[in-house]
1. From the list ALA16, ALA32, which residue is among the small types (Gly, Ala, Ser), at pLDDT below 90 and surrounded by fewer than 16 Cβ atoms within 10 Å (Cβ to Cβ)?
2. Do the conditions hold for ALA81, that is, is it exposed (fewer than 12 other Cβ atoms within 10 Å of the Cβ) and under 25 Å from ALA117 (Cβ atoms)?
3. Here is a list: ILE138, ILE111, ILE129, ILE68. Which entry is closer than 24 Å to ASN6 by Cβ and at pLDDT 95 or above?
4. Can you report the number of residues in segment 33-90 which are within 25 Å of LEU9 (Cα to Cα), part of a loop (DSSP other than H, G, I, E, B) and either in contact with a Cys (Cβ under 7 Å, 6 or more places away or on another chain) or among the polar types (S, T, N, Q) (or both)?
5. Taking only pairs six or more apart or across chains, which ones have beta-carbon atoms under 9 Å, a first residue in segment 59-71 that is under 14 Å from ASN46 (Cα atoms), and a second residue that is outside any strand (DSSP E or B) and of a type in the set (S, T, N, Q)?
6. Considering ALA105, ALA115, ALA96, which residue is of a type in the set (A, V, I, L, M) and not in a loop (DSSP other than H, G, I, E, B)?
Amino acid sequence: MTETVNFTLKDMGRFADFLRPDANGKGGKYFAGADLGLTGTEVSLNCLPAGTGTPFVHAHKKNEELYIVLRGEGTFFVDGAEFPVQEGSLVRVAPAGERACKAGATDLYFICLQAQAGSLTQATMHDGILLETKTSWIK
């Protein structure tokens, strides 16, 4: 792991290697927040093995979640509605939304970002600052 005042880098390797389902068919889950020193979001990297689903429905008190499907396909459940997801699907769920998910015929790999609902005060276009600093690829 590389860490300085302004960044932390942790190379986890390939998702399929470190989130590999175990001998009991349970998928992997890795919470990145503590390792990276995140202060505004929680991030989890997830794999549900083919045909398995989360064993519970849950909601949150304050945090909304954004699910980003990286690979595979499956079914999402939110507030009684079930709908298909696949690579490229983005699902935002409000804190009170009752949610769960299930992998289909293939392992379902996804990232879940969690942040307090309503806490974003400005988006990138209003928060970013262009600098004169150059990198090796900027001339």
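1. Only one candidate qualifies: ALA16.
2. Spelling it out, ALA81 is indeed exposed (fewer than 12 other Cβ atoms within 10 Å of the Cβ) and under 25 Å from ALA117 (Cβ atoms).
3. Selected residue: ILE111, the only one of ILE138, ILE111, ILE129, ILE68 that is closer than 24 Å to ASN6 by Cβ and at pLDDT 95 or above.
4. 2
5. Taking only residues 6 or more apart or on different chains, the pairs are TYR67/SER89; ILE68/SER89; VAL69/SER89; ARG71/THR106.
6. Matching residue, one of ALA105, ALA115, ALA96: ALA115.
The values are calculated or read from the model by the stated rules, or taken from the named source; none is laboratory data. Since the structure is predicted, the reported quantities are computational estimates derived from the model, not experimental observations. All Cβ positions, glycine included, derive from the backbone under ideal geometry; neighbour counts span all protein chains shown.
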